[in-house]
Amino acid sequence: MSVETPKPKDYKSDLKPIWCPGCGDFGVLASLYRAFAELELDPAKTVIVSGIGCSSRLPGFVKTYGFHTLHGRPLPVAMGVKLANPELTVIAVGGDGDGFAIGIGHFPHAARRNIDITYLVMDNEIYGLTKGQVSPTSAVDHKAPTTPWGNLETPINTLAFAVACSASFVARGASFNTKALTELIVQGVEHPGFSFIDALSPCVVFHNTQDEWKNLVTDVAPDHDVADRTQAFDLALRGGFSLGVVYRERRPTLNERYAQLLGAAKTSDVDAMLDAFTAREGVAMGGPAAS
Amino acid sequence: MLCASSVRGWSLGFANDGRRTLAARRPRSSGFGAAAGDDHEGALVARHSVVIRLAGESGEGVISSGDILTQAAARGGYWTQTFRTYPAEIKGGPCMYQVRMGDRKIYSHGREVDLLVCFNQEAWDLHHDALGSEGAILYDTGVDIPDEYAERARPVRMEQLAKELGGSLRAKNMVAVGAVSGVIDFDTAPIEELVLRRYAHKQGVADANIAALHAGEAEGGDLSGALAIVDPVEVEEDRVLMSGNQALALGAVAAGLDYFAGYPITPASDILEWLSAKLPQTGGITIQCEDEIASLSSVLGASYAGAKAMTATSGPGLSLMSELLGLAGAAEIPCVIVDAQRGGPSTGLPTKTEQSDLAHALYGGHGEAPRVVMAPVSVADCFWAAVDAFNFAERFQVPVIILTDQGLATRMEVIERPDTSAVDRWPRVTAEGIAAEDYKRYEYTEDSVSPMGIPGQPSGQHVATGIEHDEYGNPGYTPEIHVGMQRKRWAKLDPLADGLANHVHHGEEQPEIAIIGFGSTYGSVREAVERAADEGLSIGMFYPRVLGPFPVERVREFTDNARRVIVPEVNFTGQLARLVRGECGISVDGRAKSDGLPFTAEDIYELIVVQEVTA
Ligand SMILES: Cc1ncc(C[n+]2csc(CCOP(=O)(O)OP(=O)(O)O)c2C)c(N)n1
Ligand code: SF4
């Protein structure tokens with residue numbers, strides 16, 4: 001990277017995206033390039049971790065480090081990366097199926113641990129890669145190959161879920177509003193803690209919601225207090241088409257807490273540890289019961 | 001002096017004032033560690049090893065008694081090995097703790113019980129069958145012991161003395177341990193030291209415990225003599241007392257462990273617990289995850305970021321990790337996974353031992369993912385297996401699975417202190433020094449190992465991926481790519497099959513009776529092999545420490561002269577036997593058992609000898 005301020009195109013890899021023309025994920029990728037440039041991220045110190053799905057192919061298109069993992073597992077992999085090297089900027093990405101079906105079990109834990117990563121979900125309310133089946137964010141009555149008579153299930157309200165899980169940064173963006181999405185990604189990366197961004201990102205092939213969503217979205221009201229969790233719930237529950245930051249809270253990240261713990265821990269090494277097992281000294285076991 | 005009027009070796013009465021002179025007595029020599037005498041009837045000779053089994057209800061002091069005895073024996077200079085079983089529930093249910101101590105190295109926990117301590121009636125009912133023909137019994141008053149055992153059984157007022165002298169029922173363990181010391185002529189000084197250390201600031205409690213100890217000793221002393229143990233030889237060398245789990249955790253720290261993630265599961269939890277306390281002291285991180293999928297996922301993330309990373313689990317957890325094993329194999333991420341096996345299938349027998357995950361470790365997961373599978377043979381070997389596992393993982397960029405089992409994971413053993421100066425750490429090949437434009441994460445190389453770019457290194461940028469990929473890591477599905485990459489991923493392991501793995505071999509090099517096993521059964525088999533060899537049989541044993549890749553040529557060589565190849569293992573379907581047959585094309589006498597208990601040396605000896613007689 002040159003000393004000049006980076007341009008979005010500097011983050012483009014040689015690999016051409018394999019997405020269908022018009023796919024929302026292009027808009028998310030473009031926003032990501034811009035956000036990275038704005039943040040002047042060092043590509044060598046940036047890691048994008050993804051799951052499996054159309055959207056999860058994103059790391060290949062960005063000139064940073066990347067880890068294309070398993071369906072549903074980007075969050076715990078990203079946690080390992082961040083804990084092992086706190087210096088890295090870590091971004092987890094994936095689809096709504098990846099994050100809210102198979103991988104949802106990891107979300108509350110990433111959120112409550114407040115791992116300092118940004119989790120960007122490309123939400124198309126459908127399974128793209130496997131050709132259009134319903135996802136946990138699909139609307140009731142939605143017709144898809146596995147719901148020929150309409151979806152019988154209530155979708156997950158991802159924003160309310162994130163607030164409930166104690167995510168410390170919750171926002172919604174849209175692929176067709178790259179300027180705002182860029183800004184959200186910048187804020188999410190800058191936020192110390194777990195940042196969840198749900199990016200509406202239509203699948204133009206299997207569930208083309210582009211025009212419908214464009215009409216539905218509004219901006220979060222300027223008087224919305226992002227520090228007020230009750231207001232955040234209220235906004236999230238009212239329906240998911242307000243774009244902007246829903247909730248933000250500064251609390252210690254897992255890395256910060258661990259650094260504190262490491263600072264307080266006495267230092268030792270394997271030889272000192274072995275001393276505690278010396279047979280003649282009597283090692284720490286259950287020991288005689290207290291009477 | 002010792003009472004000469006004993007019957008079948010039993011000293012009656014209290015005449016035992018010269019007990020510490022026992023060291024001078026002639027040791028018996030037959031059977032296993034001289035546990036049984038073929039000497040003159042009634043001659044009082046001290047034993048090289050004694051097997052003590054404590055049994056009762058879980059929660060009533062059996063386990064703590066065993067712990068104290070084990071520590072005291074170790075402290076007193078004895079080689080010691082334990083075995084315990086307990087119910088899956090926290091309170092209630094029968095439990096047992098077996099301690100074998102010897103003045104010379106012992107390899108197994110022994111079978112024939114020399115001294116059975118019954119905390120309750122059920123303990124007698126469940127365990128008296130295990131008593132040796134001369135085995136003695138201590139029992140709490142109230143336990144009903146059949147008349148024919150009266151001569152070698154003594155009541156000990158465990159509850160009463162605990163309350164009267166120890167100040168509480170909880171001092172029962174001190175009474176029990178005292179009674180055992182009385183019977184085996186064990187100096188109580190190390191026990192007193194332990195008590196004083198533990199209650200350094202509570203003199204009253206310490207005194208009460210010691211009073212309970214001596215009261216127990218007096219009651220047990222009534223049986224003293226025949227079970228007396230030879231005094232230990234004074235040793236210079238440093239010894240340590242630890243479990244298989246602890247040895248693995250320490251070995252991992254010695255190997256440079258940076259990151260550990262796990263999810264609690266019996267019998268692997270104490271690795272997670274111990275590292276939670278200790279790893280931060282080396283600057284490392286331990287985290288309890290939401291499940292085993294997250295554990296191994298985060299381990300892969302940490303390793304990808306340059307850390308030496310490990311997780312530990314048991315069978316159910318390994319099942320959840322299967323898909324990630326494939327990712328680690330395909331994306332070529334080093335990691336270490338400990339599987340402390342327990343009885344299966346499903347939740348199975350959480351607190352019992354089994355070796356039934358071998359096939360899963362070798363083949364588990366879809367799509368033929370490379371991995372290394374290791375099986376340490378003893379507590380000491382657990383330490384070195386952890387070191388080797390990290391070196392194999394880093395060197396070949398693969399997941400390494402270490403198979404232990406409940407028996408090995410939880411047993412305490414006195415071992416020589418591992419010499420940490422002998423620990424080598426294999427440095428990972430990274431993108432260091434490679435120009436960015438030349439860098440290929442999955443480059444085909446001579447040894448098939450490619451440089452792994454570590455985030456932070458400017459020239460090593462790549463996308464690690466489980467999707468089939470070309471040398472750059474870009475997705476690619478052509479036949480050339482897939483065949484080439486599968487070949488590369490597996491060829492990395494060739495050095496292991498070619499002799500890099502140091503397998504364990506004992507007895508004849510090419511015996512007529514060849515025994516092949518893996519993991520925790522080693523000690524019992526070794527004692528049986530030594531006994532059979534002493535009796536003139538042509539016998540030897542081969543224990544692969546690395547089972548995947550399987551040492552086909554080594555096994556073929558070893559069995560070249562064999563007229564019998566015995567494969568003992570603790571599982572139902574005979575997984576190792578199938579492996580040996582399938583990989584080496586030799587016929588074997590598979591001896592699988594799956595009763596939740598480890599083999600004893602006697603079990604193996606019978607397999608060898610009884611078969612010889614009937615053959
Ligand atoms: C364990 C597992 N189960 C199923 C699949 C098949 N699969 C691949 S992607 C996907 C869902 C894709 O939907 P989503 O995560 O929303 O991403 P999108 O393709 O819409 O971007 C599924 C079910 C898989 N790869 N792994
Ligand atoms: S299938 Fe849908 S989600 Fe996948 S690339 Fe095409 S448009 Fe995008």
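The values are calculated or read from the model by the stated rules, or taken from the named source; none is laboratory data. Note that the structure is a prediction, hence the values are computed from the model and not measured. Cβ: placed from backbone, ideal geometry, glycine included. Neighbour counts: every protein chain shown.
Numerical summary
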read-out: Filter result (within 16 Å of ligand 1 (Cβ to nearest atom), closer than 22 Å to B:Lys440 by Cβ and in contact with a Ser or Thr (Cβ under 6 Å, 6 or more places away or on another chain)) within segment A:63-88; value: A:His68
read-out: Selection status of A:Gly60, at positive phi and either within 15 Å of ligand 1 (Cβ to nearest atom) or hydroxyl-bearing (Ser, Thr, Tyr) (or both); value: no
read-out: Counted residues, segment A:1-55 - those being within 16 Å of the chain's Cα centre (by Cα), more than 16 Å from ligand 1 (Cβ to nearest atom) and within 14 Å of chain B (Cβ to nearest Cβ); value: 3
read-out: Check on A:Gly132, more than 15 Å from ligand 2 (Cβ to nearest atom) and more than 14 Å from every other protein chain (Cβ to nearest Cβ); value: no
read-out: Exclusive hit being in the same structural domain as A:Val90 (by TED's automatic domain parsing), of a type outside the set (S, T, N, Q) and more than 16 Å from ligand 2 (Cβ to nearest atom), set A:Asp25, A:Asp14; value: A:Asp14
read-out: Segment A:192-217 - residue that is away from ligand 1 (no atom under 16 Å from the Cβ) and surrounded by fewer than 20 Cβ atoms within 10 Å (Cβ to Cβ) and, of those, nearest to A:Asp228 (Cα to Cα); value: A:Pro192
read-out: Long-range neighbours under 6 Å by Cβ, at least six apart or interchain, first residue closer than 18 Å to B:Thr445 by Cα within segment B:387-401, second crowded, with 24+ Cβ neighbours inside 10 Å and of a type in the set (A, V, I, L, M); value: B:Phe392/B:Val372; B:Phe392/B:Val400; B:Ala393/B:Val336; B:Ala393/B:Val400; B:Val398/B:Val372
read-out: Scan of segment A:35-55 for residues that are away from ligand 2 (no atom under 14 Å from the Cβ) and either within 24 Å of A:Asp211 (Cβ to Cβ) or acidic (Asp, Glu) (or both), ordered by number; value: A:Glu38, A:Glu40, A:Asp42
read-out: So A:Ala160, is it in contact (Cβ under 8 Å) with a residue 60 or more places away in the chain, within 16 Å of ligand 2 (Cβ to nearest atom) and of a type outside the set (Phe, Trp, Tyr); value: no
read-out: Residue list for segment A:182-213, filter: within 16 Å of ligand 2 (Cβ to nearest atom) and assigned to a helix (DSSP H, G or I); value: A:Gln210, A:Asp211, A:Glu212, A:Trp213
read-out: Segment B:401-442, residues that are part of a strand (DSSP E or B) and surrounded by fewer than 20 Cβ atoms within 10 Å (Cβ to Cβ); value: B:Glu416, B:Thr430
read-out: In segment A:241-278, residue farthest from the other protein chains (Cβ to nearest Cβ) [restricted to those that are of a type in the set (Ser, Thr, Tyr) and outside any helix (DSSP H, G or I)]; value: A:Ser242
read-out: Single condition A:His71 does not satisfy, out of (1) away from ligand 2 (no atom under 16 Å from the Cβ); (2) surrounded by fewer than 21 Cβ atoms within 10 Å (Cβ to Cβ); (3) within 11 Å of chain B (Cβ to nearest Cβ); value: (1)
read-out: Subset tally (residues that are more than 8 Å from ligand 1 (Cβ to nearest atom), among the aliphatic types (A, V, I, L, M) and assigned to a loop (DSSP other than H, G, I, E, B)) for segment A:128-144; value: 3
read-out: Residue within segment A:118-125 that is more than 16 Å from ligand 2 (Cβ to nearest atom) and crowded, with 24+ Cβ neighbours inside 10 Å present; value: yes
read-out: Per-region count, segment B:350-369, residues closer than 12 Å to B:Glu323 by Cα and assigned to a loop (DSSP other than H, G, I, E, B); value: 6
